[in-house]
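Below is one structure; the comments refer to it alone.
The values are calculated or read from the model by the stated rules, or taken from the named source; none is laboratory data. These numbers were taken from a predicted model, which means no experiment stands behind them. Here Cβ is always computed from backbone atoms with ideal geometry, including for glycine, and neighbour counts include all displayed protein chains.
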Amino acid sequence: MAELDPVEQAAGAFAAEVAHWREVRGLSKRGLADKMGFDPSYVSHMESGRHRPTEEFARLADEVLNAGKAIWRRWTEYDSIRIRARTHHAPPEPRQPEQPYASGSALVVEHDEARLHFDNGVYRLTMRRRLRNTGTEPVTRYLIRIAVDRYPGEPERSNAHYREHPLTWDELALSAQCQGEGMRWQAKHDRDAFKEIWLLFDNDDGRFPLYPGDATWIEYAYSVTEDKWGHWFQRAVRLPTQHLMVRLDFPADLDPVVWGTETSMTAEATPLRTAPQRQEAGSRRTFDWSTVDPTLHARFRLEWRFRNQQQPSKEYR
């Protein structure tokens, strides 16, 4: 298997950094392009690899997204690798447009359920999705993202924090299954505070692709300690989705309160149209929120505060 061209790897790292900060700031690709003064398709082409990174784009994206020079550093890394590659006269390998799923496939999410449980200083997120392949080709993998921001609105502080305390695969303890079958996974992007992962419809015992017309349930879960997870959780609608729900589950003695906002490609952040529903059950307090047929590319952000905040056992500075 041929090694990936270092220039292509650096370009992919730049694109992932831009995508991470765009997600953190709650912007669609069109929204970022509007703020930067670029053609609406430009950001999409940049993130998918159809356009190479440019100095102008890097400077402006870092400024607009208030990324604390994180995007600019990815540009300088890419530029230095590109210059070194030129001196070796290596013929460039053509970059294929990103094709997340098989050509001819069309995934629809019939149900999307997120359950975030917090206890003893650890957040554990469990995602369940019912996927239907409405296309003409089998689907063999599914892309997921893990992105955290401990100090929203303070990018330099967050960047410094994750450089010193990056997310690790061991602490994430990622697990995935498809209707009882364990799923293998492969890392696509591995950054300090951002991961992209392919969940594969296979394991050591066999393959179970999602064929045209069929539907299946997948479930995956991972953990993040409270020193790396800010008090917010965002759901982005990247595929046509029929029903989306979120449950936040906190210790009642922390006296949590929850609120939320919604953004889209054409509108700034507004309050959720329906309030999260609070319930008490023993020592736990839960907040449920759901919506039907959400707009494609909409983002729903839930935030919380612990009015009886307990200090973490270890303070990271």
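Here are some notes:
- Qualifying residue in segment 166-179 (condition: in contact with a helix residue (DSSP H, G or I) (Cβ under 7 Å, 6 or more places away or on another chain) and in the same structural domain as P251 (by TED's automatic domain parsing)): yes
- From the list S28, S48, the lone residue that is closer than 20 Å to S264 by Cβ and not assigned by TED's automatic domain parsing to the domain that holds W232 is S28.
- For segment 252-294, the set of residues classified as exposed (fewer than 14 other Cβ atoms within 10 Å of the Cβ) and outside any strand (DSSP E or B) consists of D253, D255, T266, A267, E268, A269, R273, T274, A275, G282, S283, D293, listed by residue number.
- Any hit, segment 225-243, residues being closer than 26 Å to L167 by Cα, in contact with a Ser or Thr (Cβ under 7 Å, 6 or more places away or on another chain) and basic (K, R): no
- All positions within segment 46-65 that are part of a loop (DSSP other than H, G, I, E, B) and either within 12 Å of A15 (Cα to Cα) or in contact with an Asp or Glu (Cβ under 9 Å, 6 or more places away or on another chain) (or both): G49, R50, H51, R52, P53, T54
- Every condition in (1) assigned to a helix (DSSP H, G or I); (2) modelled with pLDDT of 85 or more holds for A85 except the one numbered (2).
- Note on segment 208-221: residues that are in contact (Cβ under 8 Å) with a residue 60 or more places away in the chain and not in a strand (DSSP E or B) total 5.
- When P152 is tested against (1) under 18 Å from the mean Cα position of the chain (by Cα); (2) outside the structural domain of M245 (by TED's automatic domain parsing); (3) modelled with pLDDT under 85; (4) surrounded by 13 or more Cβ atoms within 10 Å (Cβ to Cβ), just one condition goes unmet, and that condition is (2).
- Annotation: of all residues in segment 175-207 being part of a loop (DSSP other than H, G, I, E, B) and crowded, with 18+ Cβ neighbours inside 10 Å, the one that is nearest to the chain's Cα centre (by Cα) is A193.
- Residue in segment 304-316 that is under 30 Å from T140 (Cα atoms) and touching a residue at least 40 places away in the same chain (Cβ under 8 Å) present: no
- Restricted to segment 229-253, and to residues there that are among the charged types (D, E, K, R) and at pLDDT 95 or above, the residue that is farthest from T263 (Cα to Cα) is D253.
Here is a yes/no grid of residues against (1) of a type in the set (D, E, K, R); (2) modelled with pLDDT of 95 or more; (3) assigned to a strand (DSSP E or B); (4) outside the structural domain of E181 (by TED's automatic domain parsing):
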{"residue": "M127", "(1), (2), (3), (4)": "no, yes, yes, no"}
{"residue": "L131", "(1), (2), (3), (4)": "no, yes, yes, no"}
{"residue": "G135", "(1), (2), (3), (4)": "no, no, no, no"}
{"residue": "L143", "(1), (2), (3), (4)": "no, no, yes, no"}
{"residue": "S158", "(1), (2), (3), (4)": "no, no, no, no"}
{"residue": "Y162", "(1), (2), (3), (4)": "no, no, no, no"}
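Condition check ((1) among the hydroxyl-bearing types (S, T, Y); (2) in a loop (DSSP other than H, G, I, E, B); (3) farther than 30 Å from R30 by Cα) across all residues:
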residue: S223; (1), (2), (3): yes, no, yes
residue: R235; (1), (2), (3): no, no, no
residue: F250; (1), (2), (3): no, no, yes
residue: H297; (1), (2), (3): no, yes, no
residue: L302; (1), (2), (3): no, no, no
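- Of the criteria (1) more than 17 Å from the chain's Cα centre (by Cα); (2) within 23 Å of E47 (Cβ to Cβ), which one P166 fails: (1)
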